[in-house]
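As structure tokens, the structure follows; a few thoughts come after it.
The values are calculated or read from the model by the stated rules, or taken from the named source; none is laboratory data. These numbers were taken from a predicted model, which means no experiment stands behind them. Neighbour counts are summed over all protein chains in view; Cβ atoms, including those assigned to glycine, are modelled from backbone coordinates with ideal geometry.
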Amino acid sequence: MALGTAWKPAPREIGALACGKLSFNRNTPASSSSASTLARIILLLPIIAALAKRVGHESGSPAYNGMCLAAILASYQIGAAILPANAPNLAIAGTSEMMYGTVLTYGEYLGLQFPVMGFVKGALIVAMTCWMFPAEVKGLAGGSATKPMSTEEKRLAGILLVSLVMWATDFLHRIHPGWIGLVAGVLCILPRVGVLPAAAFNDRIKYGPYFYIGSVLGLGAVIIDTGLARALGGAVLPMLNLREGSDLLNFVVLSVMSTLAGMLTTNPAQAGLTVPLAEPIAQAIGWPLKAVVMTFAVGITTVVLPYMVPPVVVGLRIVGVEFRVAARFTLALAAAGVPLLVVNYAWWRVVGFL
């Protein structure tokens, strides 16, 4: 299938993809390591595509491309500012905890990353979309009346709401976000309580992300135990020209380094390359170890080219947006987002993190 050819999934396929029952094997470099982003993209894009057509923008038109690209990139980039929302976030958190005992909590991560790299960057995506893909609403066709929520939908909404509250208050109760997510998942498949049949645990759950997280953690351990992290740190630090006391410059350099690492490894795997360098970098510039790890997390919020995030490539194929169109948008968005690094650094200074 050509990259610019749209694949229109049937409703059954959409639901199966979101649940992880149907594997995406249409020669697309999708990675189960970004399953949460992939699920959001799979669920959102048919809605966005239908909305674009409803207001008069056919497939392939600039307005259609802009709406789809905004949904795709917002799904990943805003999610990168929320700890459980993307697998790369969890890989960074898990690797830092395994290597150094440094725990990243949901509330702290959200407070440091979301105001700028989530909220402001989301507004930037909207502004860049309106600038690069200007269009007017051509017409609005009538739509069908919405149906009230079913009992299962209400139960699922309740489970998600409680989970969100527990995640947001983990700095009070100290329950790890992973345990909260696990309990929520179990509740979803419990008879009478959940929304899925009990057989879904065996039939619909994809186990690939577990092997991915395990491989990243194992790779990090090997890098540390073999002394490769120390060797890499000795080779990389002189090139970065990091200096103790130059906090703003250090913050920008480390953020950009993390983004460039994603161009070498793709974002799902960059934790294995960057986090092992956190300790020698922290010692060289006099920062707390957690601050260096959090700065690496800032770097994963930027997408320079679409291939860096496999679910983005999947989304492009679903809606038929050409790679060259997406690349122009991601490059422009990455360039426009550079000043946000300074804003994010200022935010960290305001809240006393740096």
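The residue of segment 142-168 that is nearest to residue 87 (Cα to Cα), among those that are surrounded by 15 or more Cβ atoms within 10 Å (Cβ to Cβ) and touching a residue at least 24 places away in the same chain (Cβ under 8 Å), is 167.
Residue-by-condition table, conditions (1) in contact (Cβ under 8 Å) with a residue 60 or more places away in the chain; (2) surrounded by fewer than 24 Cβ atoms within 10 Å (Cβ to Cβ):
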{"position": "252", "(1), (2)": "yes, yes"}
{"position": "271", "(1), (2)": "yes, no"}
{"position": "292", "(1), (2)": "no, no"}
{"position": "304", "(1), (2)": "no, yes"}
{"position": "315", "(1), (2)": "yes, no"}
{"position": "335", "(1), (2)": "no, yes"}
{"position": "343", "(1), (2)": "yes, yes"}
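Picking from residues in segment 175-190 that are in contact with a Pro (Cβ under 9 Å, 6 or more places away or on another chain) and β-branched (Val, Ile, Thr), the one that is modelled with the lowest pLDDT is 189.
Answer yes or no as to whether residue 234 is surrounded by fewer than 17 Cβ atoms within 10 Å (Cβ to Cβ), at pLDDT below 70 and within 26 Å of the chain's Cα centre (by Cα). Taking the combined requirement at face value, the residue does not satisfy it. Kindly check whether there is at least one residue in segment 30-43 that is more than 18 Å from the chain's Cα centre (by Cα) and modelled with pLDDT of 85 or more. Checked against the condition, which is being more than 18 Å from the chain's Cα centre (by Cα) and modelled with pLDDT of 85 or more, segment 30-43 yields no hits at all. Only one of (1) buried (at least 24 other Cβ atoms within 10 Å of the Cβ); (2) without any contact (Cβ under 8 Å) to a residue 12 or more places away in the chain fails for residue 339. Which number is that? The failed condition is (1). Of the residues that sit in segment 159-171 and are modelled with pLDDT of 85 or more and not polar (S, T, N, Q), which one is farthest from residue 113 (Cα to Cα)? Ranking the candidates gives 159 first.
Among the residues of segment 38-79, those that are in contact with a Pro (Cβ under 7 Å, 6 or more places away or on another chain) and closer than 22 Å to residue 130 by Cβ comprise 41, 76.
Of the conditions (1) assigned to a helix (DSSP H, G or I); (2) modelled with pLDDT under 95, residue 144 fails just one. Which one is it? Only one criterion in (1) assigned to a helix (DSSP H, G or I); (2) modelled with pLDDT under 95 is unmet by residue 144, namely (1). Residue 333 meets each of the listed conditions (1) touching an Asp or Glu at 6+ places or on another chain (Cβ under 8 Å); (2) closer than 22 Å to residue 267 by Cα apart from (1).
Within segment 65-102, the only residue that satisfies the criterion of being without any contact (Cβ under 8 Å) to a residue 60 or more places away in the chain and over 21 Å from the mean Cα position of the chain (by Cα) is 101.
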